[in-house]
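Nothing in this text is a laboratory measurement; each read-out follows from the coordinates by a stated rule. Just so you know, these numbers come straight off a predicted model, no measurement behind them. No Cβ is skipped: glycine too gets one built from the backbone with ideal geometry, and neighbour counts run over all protein chains shown.
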Amino acid sequence: MPLILPPRLTDSARTLRDTARRRGLRTVQLPDHTVPGELPDGDAYLHAGPSFADAVAPALGIAPLEAPADWLSRLPPAFLRREIRAVPIREAYGLRRPVFAKSPNDKSIPALVYTDGSRLPGPDAVDPETVVLVSDVVVFEAEYRLYLLDGRVHTGSRYATSGRLDLAPLSAGAHAFGSELLDAVGPTLPSAIVVDVGVTDAGQWAAVEANAAWASGCYAADPERALDVVLRAAGPAAHLTERDRAYVR
């Protein structure tokens, strides 16, 4: 089964490509969003961004898994340390205070602090019913990426300190918080997913966001174990478990 890759590769994608090849998987880097006829339907994996996945996954019978759009906003307050809501962007336009806002599962709404809702992309650029996550502005002193598989932290990495890229091994604290989070809400996630967590400037652990493993950078995580999660997160639809059907993008 080949691992399908997009035209342009990040450093992380190259790492996963090389890891897949060492494992004996064939890798295919497509030159554009067109799927060649010789590629097998229903017999491939994927690592790419959302727009590329949307173009090629259906044609190849790949089922990309992702968290529900409102997953973060439904977490218990103890795992958030801030108010987060999932609302249509038309509702967010009325906010008159600084908020952090982003798209739940892609980058169509840039993840930024907006001085108020009027600064969000307008109805000329975005469907007013588009769901956006809006939250209180929180400063994270350190942020970690957790690759989750079958309800366990499979691997992970620090990726930022004070908002700046800063790679390091996964800390014991991040692993413990991720395990606590999974114990509480694991059934609300697909079997293979990435969740980012962090320590706030008040010294409290909190969930940052969920990301599709097939579209995430692995930073300093163990690439072999990260690849395990990617292959489950975007593999043949025929291999889907009943549990994961609800989480297909």
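Output yes when any residue across region 4-12 is buried (at least 17 other Cβ atoms within 10 Å of the Cβ), outside any loop (DSSP other than H, G, I, E, B), touching a residue at least 60 places away in the same chain (Cβ under 8 Å) and in contact with a strand residue (DSSP E or B) (Cβ under 9 Å, 6 or more places away or on another chain), and no when none is. No, because not a single residue in region 4-12 is buried (at least 17 other Cβ atoms within 10 Å of the Cβ), outside any loop (DSSP other than H, G, I, E, B), touching a residue at least 60 places away in the same chain (Cβ under 8 Å) and in contact with a strand residue (DSSP E or B) (Cβ under 9 Å, 6 or more places away or on another chain).
Looking for something closer than 19 Å to Leu80 by Cβ, touching a helix residue (DSSP H, G or I) at 6+ places or on another chain (Cβ under 6 Å) and not in a loop (DSSP other than H, G, I, E, B) - is there at least one such residue anywhere in region 119-132? Yes, some residue in region 119-132 is closer than 19 Å to Leu80 by Cβ, touching a helix residue (DSSP H, G or I) at 6+ places or on another chain (Cβ under 6 Å) and not in a loop (DSSP other than H, G, I, E, B).
If the condition is being in contact with a Ser or Thr (Cβ under 9 Å, 6 or more places away or on another chain), buried (at least 23 other Cβ atoms within 10 Å of the Cβ) and of a type in the set (Gly, Ala, Ser), then region 217-245 contributes Ala221, Ala226, Ala233. Under the condition of being touching a Lys or Arg at 6+ places or on another chain (Cβ under 8 Å) and within 30 Å of Arg245 (Cα to Cα), the residues counted in region 171-184 number 3. Within the bounds of region 136-157, is there any residue that is in a loop (DSSP other than H, G, I, E, B), touching a residue at least 12 places away in the same chain (Cβ under 8 Å) and in contact with a strand residue (DSSP E or B) (Cβ under 6 Å, 6 or more places away or on another chain)? Yes, there is a match, as at least one residue in region 136-157 is in a loop (DSSP other than H, G, I, E, B), touching a residue at least 12 places away in the same chain (Cβ under 8 Å) and in contact with a strand residue (DSSP E or B) (Cβ under 6 Å, 6 or more places away or on another chain).
The numbered conditions (1) touching a residue at least 60 places away in the same chain (Cβ under 8 Å); (2) in contact with an Asp or Glu (Cβ under 9 Å, 6 or more places away or on another chain) are all true for Ala57 except (2). Summed over region 65-118, residues that are assigned to a helix (DSSP H, G or I), under 23 Å from Val195 (Cα atoms) and among the small types (Gly, Ala, Ser) total 2.
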